[in-house]
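To keep things clear, I will list the structure first and then write my remarks on it.
Where a number appears in this text, it was derived from the coordinates with a stated rule and is not lab data. On a predicted model such as this, the values are computed, not experimentally measured, just so you know. Positions of Cβ are backbone-derived with ideal geometry, glycine not excepted, and every protein chain shown enters the neighbour counts.
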Amino acid sequence: MKTLYESILSSTKSGIKPAIEKWCIDHNIFDGDFKINPDNTISHGKTTTLYLHFEDYSELPDYIKFKGDPDLNVNISPSSGKYVSSMKQITSFKGLPELVRALIIKSDIQVLPELKIDVLNVFSIYSPRTKEYKNLEINFKDNGNTHYGGECSLKTSAPLKNVKIKGVKVLNVVNDFNLGDDFSKAMIRKAELNKYRGKYTTPVTDAGLEVINTFFGDAIDMSKLQEIDYTQNSRVVKHDGKWYRCKNW
């Protein structure tokens, strides 16, 4: 719900930029080196990180909107020296940029609000108390690098309901409070461990392939997936079109 102040701002265009500037200064956005664009979006213009702490707000004000940037990293986490309990329960991700280089979320969010975003390199969420995704859509864009990017790390207690992650190349569910252990149990005795780094001798069995291809359902796009890290010791890797179980180090 808009405050009276925000309602006045939305109808008084001349008052928006001073309000944006004040909010950015109060929250040390880009260490004060921010730019307000003609469309009132906020940017920096260089490779940098946007820190959003959600400690005195549960969502960004309506007049705060960050501009998408392929060189921008977004880090949603407590401010330095504080525990995740200092963060409010986030009610909305409105105002986040539509395109980022990386998005990192570290919190104790119980319900992850709707989040749709294009990512070039990394999406990571570490939130042990998260039990539900409202609507999570991560679209990994091609960054032109065949060996880097498309890395997705999930560490929550939430099932993959209302989740769609496209273009992921590396999926990490090690220490996930749900997926990692369950995937490991499903793979038991369905794939021999290839013990030597860089040597792929024994591929995953047909039964193991069935697990890999069906375990994540429609939540994870398999078309570009090359690796699944699922325990401290084990991962499955795609090599020359075949899947192999390997040491995770």
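Details
- Here is the size of the stretch 174-249 from its Cα atoms: Rg then Dmax, 11.5, 32 Å.
- Here is how the number arises for the chain: DSSP H runs of 4 or more residues each give -39500 (n - 2.57), the sum is divided by the residue count, and the result at 222 nm is -4000 deg cm²/dmol.
- Taking 0.36 nm per residue of separation and subtracting the current Cα-Cα distance, fully stretching the chain between residue 232 and residue 161 would add 23.1 nm.
- Pair residue 80, residue 110: separation of 7 Å Cα→Cβ label points (nm): 3.2
- Annotation: the residues 240, 69, sorted from fewest to most other C-beta atoms within 10 Å of their own C-beta, follow the order 240, 69.
- For the stretch 177-249 versus the stretch 83-137, the gap between their alpha-carbon centres in whole angstrom: 26
- Packing-based order for 123-131, 47-55, using average beta carbon neighbours within 10 Å, highest first: 123-131, 47-55
- Computed FRET value (nearest 0.05) for residue 92 with residue 196, which takes r as the C-beta separation and R₀ as 51 Å: 0.55
- Residue 58/residue 137 FRET efficiency (R0 22 Å; Cβ-Cβ; nearest 0.05): 0.55
- Per-residue extension of 0.36 nm, minus the Cα-Cα distance of residue 185 and residue 31, leaves a gain of 50.8 nm for this segment.
- Residue 224 versus residue 205: modelled label distance in nm, points set 7 Å from Cα along the beta carbon direction: 3.3
- The share of C-alpha pairs in the chain whose separation exceeds 27 Å stands at 43 percent.
- Kirkwood hydrodynamic radius of the stretch 6-118, Cα pairs, Å: 14.6
- Ignoring lysines fewer than eight residues from residue 190 along the same chain, the ones with Cα atoms less than 27 angstrom from its Cα are 155, 161, 164, 166, 169, 199, 224, 238, 242, 247.
- With only the Cα atoms considered, the stretch 110-245 has a convex hull volume of 98 Å³ per residue.
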